[in-house]
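Encoded as structure tokens, the structure appears first; notes follow it.
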Amino acid sequence: MKSTSHFVWSILLLFALSPLFAHAQDASSQATLTVAVAGISSDKGKIICALFDQADGFPMDREPALKTQAHDADPDGVTCQFDALAPSSYAISVFHDRNTNDKVDTNFLGVPKEAWGVSNGVRPRMRPPRFEEAVFDLAAGQSVTLDIEVDR
């Protein structure tokens, strides 16, 4: 009888602790992305980093981005860090929102008037960068740092 009781308590304890083990396992499969932003011309405004897992809205529309961060602009550089990312393909878009209106200001032709940059350093001359050009892969447990220089 005593061994049956011990067995039941062991099973109950195992079920009670299983979410903790599942969380630990999930944490080891998650990735971290650090974005080091350089080329910032002034301390006016914000640096906006947007992480995309799809082409929709890339590169300049923040709304469909998976995650975004805003940091005070600093000519010495800004760092955006995205933790707990699932292994997948991503692209990063960064822009210097000098007037803090939460969007990339453009001229009448749609050309950005504020400094910007994307992962893989893609800078086509006559069109915006495509998601497929800026995409990179993050593997389970990986920690990656990308250097992105913003320019106009």
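Below are the figures for this structure:
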{"quantity": "Accessible area of Arg98 in the full protein assembly, 1.4 Å probe (Å², nearest 10)", "calculated": "100"}
{"quantity": "Nearest-10 value in Å² for the accessible area of Asp102, using the 1.4 Å probe", "calculated": "100"}
{"quantity": "Most to least accessible of Lys46, Lys103 (protein chains only, probe 1.4 Å)", "calculated": "Lys103, Lys46"}
{"quantity": "Rounded accessible area of His71 (nearest 10 Å², 1.4 Å probe)", "calculated": "60"}
{"quantity": "Cα gyration tensor, segment 89-129 - rounded (a/c under 1.5), prolate or oblate", "calculated": "oblate"}
{"quantity": "Amide H partners (placed H, <5 Å) of Leu66, local residues excluded", "calculated": "Leu51, Phe52, Asp53"}
{"quantity": "Net charge contributed by nearby residues that have their C-beta within less than 15 Å of Asp74 (K/R +1, D/E -1)", "calculated": "-2"}
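The values are calculated or read from the model by the stated rules, or taken from the named source; none is laboratory data. Fair warning: this is a prediction, and the values are worked out from it, not measured in the lab. We place every Cβ from the backbone using ideal geometry, glycine too, and count neighbours over all the protein chains shown. Surface areas here come from the heavy atoms of the whole protein model, side chains and all, with no ligands, DNA or RNA. Shrake-Rupley method; radii C 1.70, N 1.55, O 1.52, S 1.80 Å.
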